[in-house]
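This report refers to the structure that appears directly beneath it.
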Amino acid sequence: MKNILVPIGSTESAQNTLQYAIDFAAEVNANVFVFRAYNAPTKAGTIINVNAIIERETNLYLKTLVTSVNRRNVEVKLIASKGSLIDSVENVDSEIGVDLIIVGAKSNSIKEELFLGNTAGKLAKMSDLPVLTVPDSYTFKPITNILVAFKTGIVKRKSGLKPLQFIAKTFKPTVNLLLVKTPEYTNEDLELNKGLAELQSTLTVTENATTYQGVLEHSKTYNPDLLCVFRRKRGFFKKLWEKNTILKEEFYTAVPLLILKGK
């Protein structure tokens, strides 16, 4: 893992998210790219150099933010990108190769009822890159216990497990697999992907209406400091395909959440 992208919003949690990302990067010897996308107004009559002004102000905001955290000798670079969030992230990935996105769970949102805000939700929904969401005020600590929750052991995308495999190799945590048999499960779903099987410290098979209900039932038993799920259109975050946010009543975790693309 070489390059970590940290999209930054304007909330008070931005500093905490960046510090978490830097602390994580220091442990895995990665570079941090602090990133913010912006859109310039297109209305007639706007001043000619508005793009330059917004870019300058965005860079100033990022520089101020970086000076407010402990960089821990981690190489931190700034990226201000004009355009939509997803297009900008894809462009950055094409240019430098992004191994992981670390983002605040609520990003730009101050709504208390939200678990995933618009920025984190869009990234989880629309980006093919792995996303690690960080709850408000969560402080980094070495990962010792991971709960991986899924309703099918099928992982068709070969690179889908790479971030989880890297974290497991680096931190050497206990990796607890939770296979949730939902009402529509098939026998094929019960067959573990080879990569998953190699990661497991324990395997629990449970029956619940949803994967999230399985997590609620077993999370106290495992007490993880990292929860890992797969982003599938009909899977854990199917609500994301209706909108770009997730309410706390739909899903909530007090620890970082690693979202992988399974297919």
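The values are calculated or read from the model by the stated rules, or taken from the named source; none is laboratory data. Bear in mind that the values here come from a model prediction, so they are computed numbers and not experimental data. Using ideal geometry, Cβ is built from the backbone for each residue, glycine included, and neighbour counts are taken over all protein chains shown.
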Selection from the stretch 159-190 of residues that are within 23 Å of residue 217 (Cα to Cα), of a type in the set (D, E, K, R) and surrounded by 14 or more Cβ atoms within 10 Å (Cβ to Cβ): 181, 189
Yes/no for residue 138 being hydroxyl-bearing (Ser, Thr, Tyr), in contact with a helix residue (DSSP H, G or I) (Cβ under 9 Å, 6 or more places away or on another chain) and closer than 30 Å to residue 14 by Cβ: yes
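Right, residue 79: closer than 18 Å to residue 16 by Cα and outside any helix (DSSP H, G or I) or not? Quick ask: steps written out before the conclusion?
Values: closer than 18 Å to residue 16 by Cα: no; outside any helix (DSSP H, G or I): yes.
No.
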Test: residue in the stretch 175-185 that is outside the structural domain of residue 104 (by the TED database) and within 30 Å of residue 70 (Cβ to Cβ): yes
Of residues in the stretch 207-231 being of a type in the set (S, T, N, Q) and part of a helix (DSSP H, G or I), the one nearest to residue 260 (Cα to Cα): 211
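Return a yes/no flag: does the stretch 153-175 have any residue that is more than 30 Å from residue 21 (Cβ to Cβ) and touching a strand residue (DSSP E or B) at 6+ places or on another chain (Cβ under 8 Å).
So in the stretch 153-175, the residues more than 30 Å from residue 21 (Cβ to Cβ) come out as 153-154.
Restricting the remaining residues to those that are touching a strand residue (DSSP E or B) at 6+ places or on another chain (Cβ under 8 Å) gives 153.
Checking the stretch 153-175: at least one residue is more than 30 Å from residue 21 (Cβ to Cβ) and touching a strand residue (DSSP E or B) at 6+ places or on another chain (Cβ under 8 Å).
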Pairs where the first residue, in the stretch 193-204, is assigned by the TED database to the domain that holds residue 179 and the second is assigned to a loop (DSSP other than H, G, I, E, B), C-beta under 7 Å, 6+ apart: 193/153; 193/154; 193/155; 195/155; 196/153; 196/155
Subset of the stretch 136-163 that is closer than 23 Å to residue 261 by Cβ and of a type in the set (S, T, N, Q) - its residue that is modelled with the lowest pLDDT: 159
Any hit, the stretch 150-161, residues being outside any loop (DSSP other than H, G, I, E, B), within 26 Å of residue 70 (Cα to Cα) and either not charged (D, E, K, R) or not assigned by the TED database to the domain that holds residue 23 (or both): no
Cβ-Cβ under 6 Å pairs, at least 6 apart or on other chains, the stretch 73-91 side crowded, with 19+ Cβ neighbours inside 10 Å, far side part of a loop (DSSP other than H, G, I, E, B): 89/127
